[in-house]
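What follows is a short report on a single structure.
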Amino acid sequence: MITSGGQEIKFVSASTGGVGFGTLRPVAAAPCSTATLSGNAYGYSSHGLVGAGPGNGYPRVGGFIPFTDAGQITFAADGSVSGTDNQNFGGVVTPGLPIAGTYTVNSDCTGSTTMTIAGVDQSWNLVILQGAEQINFLATPSGVVWGGTLTKE
């Protein structure tokens, strides 16, 4: 389904052993650089699953701990990121967790960030969408299934 005057395509794909769905949006016009995100703040909410060792007491789904979070992240001109995250990890809510780290932007409008959220190391791969109004992210640490969209504030 083409929506938003051709700016989005909503899709569903079903095949033996799998179902996929999502939204396609135009990527930002290349070339991108750190300046593409510099000074911008983004809000987000996401959910996913985290693999965890035994004995932590969190409820699990297929061996993973479910989580959801919402927060705000700001990209500075010097290549740093900062913000605040609010998490529900296996039913335990923790608000106001600090975010600090760095980011890079490639000329093809992809990039990455390495940061800590409440002292826990995180890495995200980024795709900057048209006008830098949104950024899709995918967490890259092993044992984590987490992705979402940052929306410009």
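The values are calculated or read from the model by the stated rules, or taken from the named source; none is laboratory data. Fair warning: this is a prediction, and the values are worked out from it, not measured in the lab. Remember, those area values only see protein heavy atoms, side chains included, never the ligands or the DNA or RNA. Shrake-Rupley method; radii C 1.70, N 1.55, O 1.52, S 1.80 Å.
For this structure, a couple of remarks:
- Residue among Gly18, Gly83, Gly51 with the largest mean-square fluctuation in a Gaussian network model of the chain, springs linking Cα atoms under 10 Å: Gly18
- On a per residue basis, the chain carries 53 Å² of accessible surface, using protein heavy atoms and a 1.4 Å probe.
- Solvent accessible area, Å² - Lys10, 1.4 Å probe, full protein context: 90
- Glu133 accessible area, assembled protein chains, probe 1.4 Å, Å²: 100
- Taking each DSSP H run with n ≥ 4 as -39500 (n - 2.57) and averaging over every residue of the chain yields -500 deg cm²/dmol at 222 nm.
- Across the range 70-77, coupling constants 3J(HN,Hα) worked out from phi with the 6.51/-1.76/1.60 Karplus curve, θ = phi - 60°, read 8, x, 9, 9, 10, 9, 9, 4 Hz, and Gly and Pro carry x.
- A full extension of the chain between Thr16 and Asn125 corresponds to an added length of 36.4 nm, given 0.36 nm per residue minus the alpha carbon distance.
- Rounded percent of accessible protein surface that carbon and sulfur make up, the range 27-152, 1.4 Å probe: 58
- Relative intensity, log₁₀ I(q)/I(0), of the chain from a Debye sum that treats every alpha carbon as a point, q = 0.13 Å⁻¹: -0.67
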